[in-house]
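Peer 1: This structure is in structure tokens; I'll ask about it shortly.
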Amino acid sequence: MRNLKQSFLILGLGRFGSSVLKELAKLGYDVVGADKNEKVLQDEELQDAAAYLVEGDVTSTTFLEELNVTNYNAVVVSMGDDFESAILAVLALKDLGCETVYAKANDQKRGRGLKGAGATDVIFPEEETGRRVAYHIANPGILQYVQLSPYCSGMEMKVPEEFIGKSLAKLDFRRKYNALVVMITISGEKFPLVSPPPDYEFGTGDTLFVIGEEKDLEKLRRKF
């Protein structure tokens, strides 16, 4: 079962970092933000969304130690405009034992540098919205989240372990989750299975694309 008390740390609260912090908070997680700019921390929306905000040098090992960075499920380094600081922050986090570090990069070249420094994954803001990034960070099993309309969203997710070997009919998926599996990507198969039949049995490595109301997808997401 998913731990509902996950917490996240955002280092760098520019436009992108602030967006990710707010979206994670909307999803119900505890989020802490840190930035060296005191002015940024005065933003009322940020103050309302965050568990708390801290002023300090996010490249400083001493400062990061004081934040107990290893206690968070993931840390986001959002300083794409200051590449040197981003590299230093990633290196410091990995030295302190952080397992999951996401880093923002403005281009592929800098992205490779951040990966080389130890970032778990690199985020390119021009390709990702704060909302999608928040879902990805909070849910590594959710590969993609798309709002299709004000009342309907789509979610691509890895098959949950408890689904393997069971069919859609046996799971009573549509009634139980009030959502519809519209496509399954099967490991090793060239083409996806569109509109899968009720007797299809899930296998290891399957990827599901599910559509439904946002509140129902949220329940499904939280379950796994």
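Peer 1: Out of 102, 29, I need the residue that is of a type in the set (Phe, Trp, Tyr), farther than 19 Å from residue 14 by Cα and surrounded by 18 or more Cβ atoms within 10 Å (Cβ to Cβ). Which one?
Peer 2: 29
Peer 1: Being surrounded by 13 or more Cβ atoms within 10 Å (Cβ to Cβ) and among the polar types (S, T, N, Q) is the filter; apply it to the stretch 181-224 and report the residue that is farthest from residue 154 (Cα to Cα).
Peer 2: Step by step, filter the stretch 181-224, then rank; the result is 185.
Peer 1: Could you grab me the full set of residues in the stretch 29-67 that are over 24 Å from residue 106 (Cβ atoms) and assigned to a loop (DSSP other than H, G, I, E, B)?
Peer 2: The answer is 29, 38, 50, 51, 67.
Peer 1: Looking at 215, 176, 170, which is the one that is in the same structural domain as residue 151 (by TED's automatic domain parsing), over 18 Å from residue 148 (Cβ atoms), in a helix (DSSP H, G or I) and within 27 Å of the chain's Cα centre (by Cα)?
Peer 2: Of the residues listed, the single one that is in the same structural domain as residue 151 (by TED's automatic domain parsing), over 18 Å from residue 148 (Cβ atoms), in a helix (DSSP H, G or I) and within 27 Å of the chain's Cα centre (by Cα) is 176.
Peer 1: Could you tell me which of the residues 8, 63 is farther than 16 Å from residue 114 by Cβ, buried (at least 16 other Cβ atoms within 10 Å of the Cβ) and over 17 Å from the mean Cα position of the chain (by Cα)? Walk me through how you get there before you give the answer.
Peer 2: Values: 8 fails: over 17 Å from the mean Cα position of the chain (by Cα).
One residue alone meets the criteria, 63.
Peer 1: Can you name every residue in the stretch 74-87 that is polar (S, T, N, Q) and touching a helix residue (DSSP H, G or I) at 6+ places or on another chain (Cβ under 8 Å)?
Peer 2: 78
Peer 1: Of all the residues that make up the stretch 68-97, how many are assigned to a loop (DSSP other than H, G, I, E, B) and within 21 Å of residue 23 (Cβ to Cβ)?
Peer 2: Qualifying residue count, the stretch 68-97: 6.
Peer 1: Within the stretch 105-112, can one find any residue that is touching a Leu at 6+ places or on another chain (Cβ under 8 Å), modelled with pLDDT under 95 and farther than 30 Å from residue 223 by Cβ?
Peer 2: yes
The values are calculated or read from the model by the stated rules, or taken from the named source; none is laboratory data. Please read all numbers here as calculations on a predicted model, not as lab measurements. Cβ: placed from backbone, ideal geometry, glycine included. Neighbour counts: every protein chain shown.
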